[in-house]
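The values are calculated or read from the model by the stated rules, or taken from the named source; none is laboratory data. Quick caveat: nothing in here was measured; it's all calculated off a predicted structure. Neighbour counts run over all protein chains shown; Cβ positions are idealised from the backbone, glycine included.
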């Protein structure tokens, strides 16, 4: 790879090196094309990937806020067998260590509900108020993703797309250059085999 970029530098400087073969110049042109794609195509791919991820995540944020509703619940007690802390799978501003408690609340249709929910504010004494999130059926769900978390995920998606595009460009360059090198060696083998047929003959080369 270092030799290819060195040849590219010579090509860009316009150096007319008598030792530079035609195949070297072709490899340098391949490296130049790969460099241009890296400078233009990879950032464009990263921006497009980040934009697509951002739009999709923002739609998900809006959908989650429409489907999930904050509800005031009351702590009944600690959840048996659920002493360990867990992380919020959705992330966002409410990412914290959560502990499970048993709480009671009212579903949107007015029916009473009781179940295990996670809280980041500590277990609390029985009767303590607790804010939870439920779906349309009144079942507890994780808090919706916030806009900050969505933007952070979109940035990571853009960076990942950029790195993937850059890796594909470099892999393509290596494949093309490797094919050119194999063609060069095959041509040299044929020329060497043709020249070898005259070896040892009297008067050859004299």
Flagged pairs (Cβ under 8 angstrom, 6 or more apart or on separate chains; first in the range 179-205, under 30 Å from residue 26 (Cα atoms); second at pLDDT 80 or above and in a helix (DSSP H, G or I)) are 180/30
Look through 107, 152, 157, 103 and report the one residue that is under 24 Å from residue 62 (Cα atoms), more than 35 Å from the chain's Cα centre (by Cα) and at pLDDT 85 or above. 107
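Kindly indicate whether residue 140 is surrounded by fewer than 19 Cβ atoms within 10 Å (Cβ to Cβ) and in contact (Cβ under 8 Å) with a residue 12 or more places away in the chain. I'd like the intermediate steps shown before the answer.
Values: surrounded by fewer than 19 Cβ atoms within 10 Å (Cβ to Cβ): yes; in contact (Cβ under 8 Å) with a residue 12 or more places away in the chain: yes.
So residue 140 fits the description; yes.
Any idea which of 119, 114 is within 18 Å of residue 78 (Cα to Cα), surrounded by 14 or more Cβ atoms within 10 Å (Cβ to Cβ) and either outside the structural domain of residue 31 (by TED's automatic domain parsing) or in contact with a strand residue (DSSP E or B) (Cβ under 7 Å, 6 or more places away or on another chain) (or both)?
Working: 114 fails: surrounded by 14 or more Cβ atoms within 10 Å (Cβ to Cβ).
None of the others qualify; the one that does is 119.
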Of these, 154, 171, which one is closer than 25 Å to residue 41 by Cα and touching a helix residue (DSSP H, G or I) at 6+ places or on another chain (Cβ under 7 Å)? 154
